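Colleague: Below are the structure tokens for one structure; questions will follow.
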Amino acid sequence: MITFSVVETRYTTNPDGSPLRITLVLWNATKTYENIIGTIGPRGTVISPDYTPADIAYSATTEADLDAWILDLEDEADIEAQLDAAITELAVPQNGEGIPWQDSYDAWAINVNYVVGDIRIYKGLGYEVIEAHTSQALWTPPAAPTLWEDYAPPVPAPESIPSDWFQPTAETPQYPVDAIVLHAGHKWSSDVADNMLEPGVGQWTDMGVYP
């Protein structure tokens, strides 16, 4: 399941005073598989003034409308493929080249003095000491919940994928200071507020080749 959350909406008034039209939606897409969450975003969707839902007045706009517009204008299959790739990458063991993270810790044993924070492996699962003790045969980690708690290494948060730069106009949002965009194969950071210049021309800091 893909969940879209609208981060920001921008509206303009037509020169003739006709109803407000949405011109840009910034959004994130997330997908959860078991306990792993893949995220892409923030990304921008520009909605053409002649696109029928854009004629809906601001007061009548709902978040569901925005989600529907995004799905209509974006390739949903491509979005889900990106999310699946992010989840697959996160699911790879983090402690080395294909080495299970469990191999980074010693196995639980009896007659050992354990201190709070020690991590041991028992029958393939990780456990962390929450009370100092000397281990005994009957105090295996799953049998002694007052001494041990389940442990698994934290999953790092995925890096947000910057949006491609587009040329702002007087009627569309300009880039704020510290906005991150992609342009000409590089990642750029805006040096000023209300930035309308093209990256590489001025008022942007080149953060290097991306990815």
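Colleague: For LEU90, which of the numbered conditions (1) assigned to a helix (DSSP H, G or I); (2) modelled with pLDDT of 80 or more; (3) surrounded by 13 or more Cβ atoms within 10 Å (Cβ to Cβ) fails to hold?
Modeller: It fails just one condition, (2).
Colleague: Give me the residue from the stretch 122-168 that is hydrophobic (A, V, I, L, M, F, W, C), within 30 Å of ALA184 (Cβ to Cβ) and surrounded by 16 or more Cβ atoms within 10 Å (Cβ to Cβ) and, out of that set, modelled with the highest pLDDT. Give the derivation first.
Modeller: If we filter the stretch 122-168 for residues that are hydrophobic (A, V, I, L, M, F, W, C), which is where we start, we get 125, 129-130, 132, 137-139, 143-144, 147-148, 152, 155, 157, 161, 165-166.
Now restrict to residues that are within 30 Å of ALA184 (Cβ to Cβ): 157, 161, 165-166.
Among the residues that remain, those that are also surrounded by 16 or more Cβ atoms within 10 Å (Cβ to Cβ) are: 161, 165.
Numbers: ILE161: 77, TRP165: 87.
It comes out as TRP165.
The values are calculated or read from the model by the stated rules, or taken from the named source; none is laboratory data. Not measured: the values here are computed from a predicted model. With ideal geometry, Cβ positions are generated from the backbone for all residues, glycine too; neighbour counts draw on all protein chains shown.
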